[in-house]
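The values are calculated or read from the model by the stated rules, or taken from the named source; none is laboratory data. Bear in mind that the values here come from a model prediction, so they are computed numbers and not experimental data. As a convention, Cβ positions derive from the backbone with ideal geometry for all residues, glycine included, and neighbour counts pool all protein chains shown. Ligands, DNA and RNA are excluded from the accessible area calculation, which covers all protein heavy atoms including side chains. Shrake-Rupley method; radii C 1.70, N 1.55, O 1.52, S 1.80 Å.
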Amino acid sequence: MNLKKLAMLAIIACPVTILVILLFPSYQAHAVLPEPHYEALNSRGFMPDVQLISLAQRPSDLNNKVVYIINSWPVGSGSQLDDILVKIGDYLAKRFPKAKIIAKAKPSAYGTDDPEFWDEIVKKADAFVYGAAPSCATTMHAVKYTGLLEKRGRPGVPIIFDNLIEDAKITSDEIGMRVRWVAVPYPPEEISDRQMSGIMNKIAESLTSPLSAEETRTGIYKPPKPEKVAYKGTFEEINKYFYNKGLTDGLPIIPPTKERVAEMLKGTSHAPDEVVTTEMWPAQWGVTVEKVAIVGVMAGCKPKYMPVLLATIEAFSKSGTDIRSTNSFSYMRVINGPIRKELDMNAATYALGPGNHANASIGRFLSLAITNLGGGQIGVNLMGSQGNVSSYTFCFPENEENSPWESFAVEKGYKPNESTLSMYSTGWSHCGNYLGGSVDDLARAMAQFTWPCGMVVLVSPPRAKEWAKNGFSKKDFKDYIWSHATLPMKIFRQDSYYKKFIEPILRGKPMGEYKWPKHYLWLPDDAVVPVYPQEGVQVIVVGENQNPMMQGWKTGYPTIVSIDKWR
């Protein structure tokens, strides 16, 4: 066909095509349109500058030296290193016959700073071995406290399990020190004689071999700052990118474009570059207001939620230390004050379930913030053995209007017109629902939970009104629950956390705000005692106004922050 004929065909065909589209608009739906592309901003928080610190100089020989063998956990409390630490002591005594080997259990909980104990080690020991446990948090603290003692001139080596090497590596990076840990296979029962021989030899070498140039580096390390734009692509491509980087919760995100983030920033008067925290857990990264807005967009939040999102980061930076744990933590957030109504939050039917945009997206925001803003990596510093479904979203407002008592925030000293966020570490243990059961049933169930450090009892308005009608104030109700959550001392002392946490607290080694009466130490086995600290029992009214429902959650103590300061 020649060019003349092609031109004539085009002249005839074009009007026909236009006529078809005008007469049949639905035809346009079948046209293949290009998929829109987006420019997603970088959601990562920033690593702080790190002061690099040299390891302590090593002796060439441990003969005539004092070596402490430290156990993070009390003997018999489940560290699974008890036998190995004994073997390490025996090996060092045999290899260095003139060395003095002293076995010591850390006198306070594994995560508690213990200045008196560190002073003793610096004063009396020339070197040390620091046993951790099959625990992400214990490993982190064993590496940190080893670094603290190295900085004071005492060479040491933490003993960790090989499934937690990444946790040890990231902790070494955070403290700016090339700590010489020795990893043992997990479970320890399967360690062969040949493996054990290699472990022992490596421990001796770690305590005596000269330092490398890398191990003596000092100065300031300035990590590279994240790029402004993370990825350009379609909705599906951006979601695939963020998912493959481990920056989602497994569900699709909203691409954080420049336009959406700018709109989100309108929800607060604070400047985009203002630093909200420099200690966002689990990696203790820095976070700006703009980064909070970016993750808020990803979670599906609205701009008016920004003050709550910023308060969430403030509260988590103060209370999120236990996220680095093989326990499967989640974080309950309770909203009080006028902002509940401003954001159309649901405090009534299905308040703890899906269906409300504010409850759901604000709740979801924290899990995304932990990975994006806090450097969380599953399998590295997020090591929850089973995980926790309540870590997806766990945020709700108190039903203040239908409560016969003062709100939780007012109880803690805030005014009714102030908006607050209260954050509890939780997720370990939960009981309920008690529609027809008594408060005594709930108290008995709560008493069975290990490490009874604190509890939150969620009661529906009818249950609260029932007790108020019978003359019980909120404090009376809390005291009733506390006094009925009891066990005989013999059973209480069998708690798997009693030796690690509770007994050191009873003996005067503080751990946060947790307190039990000191006389528990010498009570007989048949004495029946409340197992929770009295100030650790909290009550929050939430739910619909028809059924006397209630449920209990074991929690830590709350961190309460103002939302209004972030408006």
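The table below lists the values:
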quantity: Filter result for M200 (touching a residue at least 40 places away in the same chain (Cβ under 8 Å), crowded, with 18+ Cβ neighbours inside 10 Å and either farther than 26 Å from K318 by Cβ or touching a Gly at 6+ places or on another chain (Cβ under 9 Å) (or both)); calculated: yes
quantity: Region 490-499 - residue that is basic (K, R) and within 29 Å of the chain's Cα centre (by Cα) and, of those, most open to solvent (accessible area, probe 1.4 Å); calculated: K499
quantity: Single match in S319, S328 (criterion: more than 13 Å from W566 (Cβ to Cβ), crowded, with 18+ Cβ neighbours inside 10 Å and not aromatic (F, W, Y)); calculated: S319
quantity: Qualifying residues in region 203-220 (those that are among the hydroxyl-bearing types (S, T, Y) and closer than 15 Å to A127 by Cα) - the one surrounded by the most Cβ atoms within 10 Å (Cβ to Cβ); calculated: S206
quantity: G233 being within 22 Å of E150 (Cα to Cα) and either out of contact with any helix residue (DSSP H, G or I) (no Cβ under 8 Å at 6 or more places or on another chain) or of a type outside the set (D, E) (or both); calculated: no
quantity: Members of region 155-178 that are of a type in the set (A, V, I, L, M, F, W, C) and either in a helix (DSSP H, G or I) or over 20 Å from I84 (Cα atoms) (or both); calculated: L164, I165, A168, I170, I175, M177
quantity: Residues located in region 461-489, provided they are farther than 11 Å from V539 by Cβ, among the hydrophobic types (A, V, I, L, M, F, W, C), within 32 Å of the chain's Cα centre (by Cα) and open to solvent by 10 Å² or more (accessible area, probe 1.4 Å); calculated: L487
quantity: Test result for L458, open to solvent by less than 60 Å² (accessible area, probe 1.4 Å), of a type outside the set (F, W, Y), within 15 Å of V537 (Cα to Cα) and in contact with a Gly (Cβ under 6 Å, 6 or more places away or on another chain); calculated: no
quantity: Criterion: at pLDDT below 95 and open to solvent by less than 30 Å² (accessible area, probe 1.4 Å) - qualifying residue of P223, P187; calculated: P223
quantity: Hits in region 362-377 - residues which are open to solvent by 10 Å² or more (accessible area, probe 1.4 Å) and in contact with a Gly (Cβ under 8 Å, 6 or more places away or on another chain); calculated: R364, I370, T371, Q377
quantity: Complete set of residues in region 381-401 that are farther than 24 Å from M306 by Cα and touching a Lys or Arg at 6+ places or on another chain (Cβ under 8 Å); calculated: N381, L382, M383
quantity: Which listed residue, of V143, V179, V122, V157, is more than 17 Å from E214 (Cβ to Cβ) and of a type in the set (A, V, I, L, M, F, W, C); calculated: V122
quantity: Hey, R152 of a type in the set (D, E, K, R), touching a Ser or Thr at 6+ places or on another chain (Cβ under 7 Å) and open to solvent by 30 Å² or more (accessible area, probe 1.4 Å) or not; calculated: no
quantity: Yes/no for E39 being at pLDDT below 95 and surrounded by fewer than 19 Cβ atoms within 10 Å (Cβ to Cβ); calculated: no
quantity: Residue in region 228-252 that is farthest from Q377 (Cα to Cα), counting only those that are within 21 Å of the chain's Cα centre (by Cα) and either exposed (fewer than 14 other Cβ atoms within 10 Å of the Cβ) or not aromatic (F, W, Y) (or both); calculated: L251
quantity: Pick from region 378-411, criterion among the polar types (S, T, N, Q) and more than 23 Å from the chain's Cα centre (by Cα), ranking: most open to solvent (accessible area, probe 1.4 Å); calculated: N402
quantity: Criterion (of a type in the set (A, V, I, L, M) and under 22 Å from the mean Cα position of the chain (by Cα)) met by exactly one of I199, I170, I203; calculated: I170
